[in-house]
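Okay, structure first, notes after.
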Amino acid sequence: MPDKTPSIAFHLRRLFELLAADAPPGDFGAVVTAARRGGADPRDVTEVEQAAAAALRVRGTLRQHRRREAELTALFDTAGDLAALRDLDAVLRSIVRRARMLLGTDTAYLTLPDEAAGDTYMRVTDGSVSELFQNLRLQLGEGLGGLVAQTARPYASPDYRTDERFRHTGSIDAGVLDEGLVAILGVPLLLGSGSGGKVIGALFAADRAPRTFSPDEVALLCSLADHAAIAIDTAKAMADARAALAELAEANAVIREHSAAVQRAEESHDRLTDLVLRGGDVPEVAAAVAGLLQGEVTVHDSAGWPLTATVRDGGPGGGGAGAGGQGSDARTAASLVAAAEESRATAHAVLRDGRWVCAVLAGQELLGSLALHGRPDLDGPDRRLFERSGVVTALLLLLRRSVAETENRVRGDLMTDLLNAPDRDPVGLVDRGRRLGVELNRPHLLVVAEAGAAVRERLAGAALQYVFGSGSVTTEHAGTVVMLLPHDGDGPGEAARAAAGQLTQLIGAPVTVAGAGPAAGPRAIADAYAEAARCLRALRVLARDGTGACAAELGFLGVLLGKDHDVEGFVQAALGPLLEYDAQRGTQLVRTLHAYFGCGGSLTRAKEELHVHVNTVVQRLDRVQALLGPDWNSPEQALELQLALRLHLLWSDRHLGHASWRGL
């Protein structure tokens, strides 16, 4: 019977097969056991044992070579990532992921210091499942990471929870426990070598079970940490290089901008200087500034009232003002004055209510202001150009004021002769006015202003400033200031109120103003002055200081004060709505109102005189109120209504014609 005991060659062949399959170590021992149990010769068993031991050594060497190959491949790939560094976060994630894969740990993570906060934070994690752990922040010197950072050496803890080599803290231990970590290996991220090396972070590999890390594993993690440090340093160097390039580009842009600004400033200076040398006026400066700054520009006096119309880039815009800026809004003027004062205090243009305002100064005297609209983003060079324009404007305003003062003195002599003796030489007065640029035969308004004795001297200067650049004439006469204003459509009352408001603001004290006109020719202008003077006295008697009005606005007093005694106009102004209503509907509102006033306001006596029911009287008076307003029965208006009723009845009884009204 043949021997069925496996030969030694069989067992050796089996060992080669296990070696080729990278079988577990136990399978190699099983071959030796099988040879021993199979009844092999003891010498053969010994040979099989020796062959199995050699196979295991070869297996270990092969596994070590494969692991080393994998490590080298990972390090080579990491080096390739560094060579093509584009995204630091992506490179760090790759390093942490490879550390976890090569060491076969449950998780790996990388921490970096936060210099601003003075602690360390988790920059990248791989394999972590705990949000608490991923958001951990470690103070310097705390935990295993703190020990690594302090000593710049790797540390491995087979059981973190029981390791007393480092300082435990509640927050760190809670995060480690929540993640379930037990064994942790940490290595420093070092820049430089030796004692001069700087720790810029730490790389960790950790398991959720006790584990002892081998020196090879420590060396591998140190190699990956070195690559991470290089990646971080390279990224920082690249960021610094990009920042330097950006700063260089910015500096270059600033230089180009400054060069362009200097060139533009030179051109602007030449243009504005040429305007002054050619005798240009303020509107031309405004137009030039608007063109240079590509916005809308207005020039204002020291009280905030416009001296020019709005000038846009490319030509004049809308807006503007009449004599002294009568059409300007008082609140806007006040806002401009406040902005100009701020500009004077800071010596720079200021942004207020969506417009840039620059004070126009002669020394510390505020001559006015420049306002620029449509440029909320006024930059440094343009802002300086705008401020230089204020200097040129100040020069022109001073020159203009000097000329105006000289001209006004000559015109003032004309006004004095006109008011004192208009009939002495009317033709000569008109001719003198024409030579001085004042056409007396055209319609003008006469405005007479008066202020308290303490500020009377300042009123003349304020009046000159008020009429500055408007073609008007002002002079002092009989303790008042008289202004002859070209008639531009406003009535004498509107002109008086505008002058009262602006002059009050200019001198800081109440100014009372009366107006008259329009009037054309020396005699008519003198008569208008006389009417305005009477109206001014009436305003004082009525305690209406600081206001402006004309005779026609003073009711029945205007009939007495006015030059033409316009009785018909007064009656129409007081009773016009009632007269028209009666004429159209055949009612008797005027007769009812006359009876009501004649009976002392008694409804009972009025209904008896009218022979109607008392309800009819009430209904008619309700209609009177609807037509004349709720204040028709106030003492002041009732007095005017009664006077108008008497004048109307006088005209009705006597059948006077229109021409007779002026003789009453």
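Please enumerate the residues belonging to the range 100-120 that are part of a loop (DSSP other than H, G, I, E, B), of a type outside the set (G, A, S) and more than 17 Å from G145 (Cβ to Cβ). Step through it out loud before you land on a result.
First pass over the range 100-120, keeping only residues part of a loop (DSSP other than H, G, I, E, B): 104-106, 115-118.
Subset that is of a type outside the set (G, A, S): 105-106, 115.
If the condition is that a residue be part of a loop (DSSP other than H, G, I, E, B), of a type outside the set (G, A, S) and more than 17 Å from G145 (Cβ to Cβ), then D106 is the only one that fits.
Restricting to the range 192-214, give me the number of residues that are among the small types (G, A, S) and outside any loop (DSSP other than H, G, I, E, B).
Going residue by residue through the range 192-214, those that are among the small types (G, A, S) are 192-197, 201-202, 205-206, 209, 214.
The next check asks that each one be outside any loop (DSSP other than H, G, I, E, B); those that pass are 194-196, 201-202, 205-206.
Of the residues in that region, 7 qualify.
State whether the residues of the range 458-467 include one that is under 43 Å from the mean Cα position of the chain (by Cα), on the phi < 0 side of the Ramachandran plot and without any contact (Cβ under 8 Å) to a residue 24 or more places away in the chain.
Yes: one or more hits.
Check whether at least one residue in the range 215-236 is in a strand (DSSP E or B), under 26 Å from S130 (Cα atoms) and not aromatic (F, W, Y), and report yes or no. I'd like the intermediate steps shown before the answer.
Step one: of the range 215-236, the residues in a strand (DSSP E or B) are none.
Within the range 215-236 (the criterion being in a strand (DSSP E or B), under 26 Å from S130 (Cα atoms) and not aromatic (F, W, Y)), the answer is no, since none of the residues qualifies.
If the requirement is being at pLDDT 80 or above and either under 28 Å from V299 (Cβ atoms) or surrounded by 22 or more Cβ atoms within 10 Å (Cβ to Cβ) (or both), which of these qualifies: A462, A421, A453? If you could, list the steps in order and put the result at the bottom.
Working: A421 fails: either under 28 Å from V299 (Cβ atoms) or surrounded by 22 or more Cβ atoms within 10 Å (Cβ to Cβ) (or both); A453 fails: either under 28 Å from V299 (Cβ atoms) or surrounded by 22 or more Cβ atoms within 10 Å (Cβ to Cβ) (or both).
Within the list A462, A421, A453, the selection yields A462.
Of the residues L181, L189, L177, which single one is under 17 Å from D106 (Cα atoms) and outside any helix (DSSP H, G or I)?
Answer to the selection: L181.
Could you please find all residues in the range 234-271 being buried (at least 16 other Cβ atoms within 10 Å of the Cβ) and under 30 Å from M101 (Cβ atoms)?
Within the range 234-271, just A235 meets the criteria.
Only one of these conditions is not met by V511: (1) touching a residue at least 24 places away in the same chain (Cβ under 8 Å); (2) out of contact with any helix residue (DSSP H, G or I) (no Cβ under 8 Å at 6 or more places or on another chain). Which number is it?
Against the list (1) touching a residue at least 24 places away in the same chain (Cβ under 8 Å); (2) out of contact with any helix residue (DSSP H, G or I) (no Cβ under 8 Å at 6 or more places or on another chain), V511 comes up short only on (2).
Looking only at helices (runs of 4 or more DSSP H) that lie completely in the range 539-614, which have at least 1 residues being more than 20 Å from G491 (Cβ to Cβ) and modelled with pLDDT of 75 or more?
Qualifying helices (runs of 4 or more DSSP H): 567-585, 589-598, 603-610.
Could you identify the single residue in G471, G515 that is surrounded by 24 or more Cβ atoms within 10 Å (Cβ to Cβ) and not in a helix (DSSP H, G or I)? Let's see the steps before the verdict.
Details: G471 fails: surrounded by 24 or more Cβ atoms within 10 Å (Cβ to Cβ).
So the residue among G471, G515 that is surrounded by 24 or more Cβ atoms within 10 Å (Cβ to Cβ) and not in a helix (DSSP H, G or I) is G515.
Have a look at D106, D41, D119 and point out the one that is at pLDDT 70 or above, acidic (D, E), in contact with a Gly (Cβ under 7 Å, 6 or more places away or on another chain) and surrounded by 11 or more Cβ atoms within 10 Å (Cβ to Cβ). So that I can check it myself, show each step before the final result.
Working: D41 fails: in contact with a Gly (Cβ under 7 Å, 6 or more places away or on another chain); D119 fails: in contact with a Gly (Cβ under 7 Å, 6 or more places away or on another chain).
Answer to the selection: D106.
Return the residue satisfying two criteria in turn: it lies in the range 201-225 and is surrounded by 17 or more Cβ atoms within 10 Å (Cβ to Cβ) and charged (D, E, K, R), and of such residues it is nearest to I184 (Cα to Cα).
My answer is D207.
The values are calculated or read from the model by the stated rules, or taken from the named source; none is laboratory data. These numbers come from a predicted model, not from an experiment. Note that we place each Cβ from the backbone using ideal geometry, even for glycine, and neighbour counts take in every protein chain shown.
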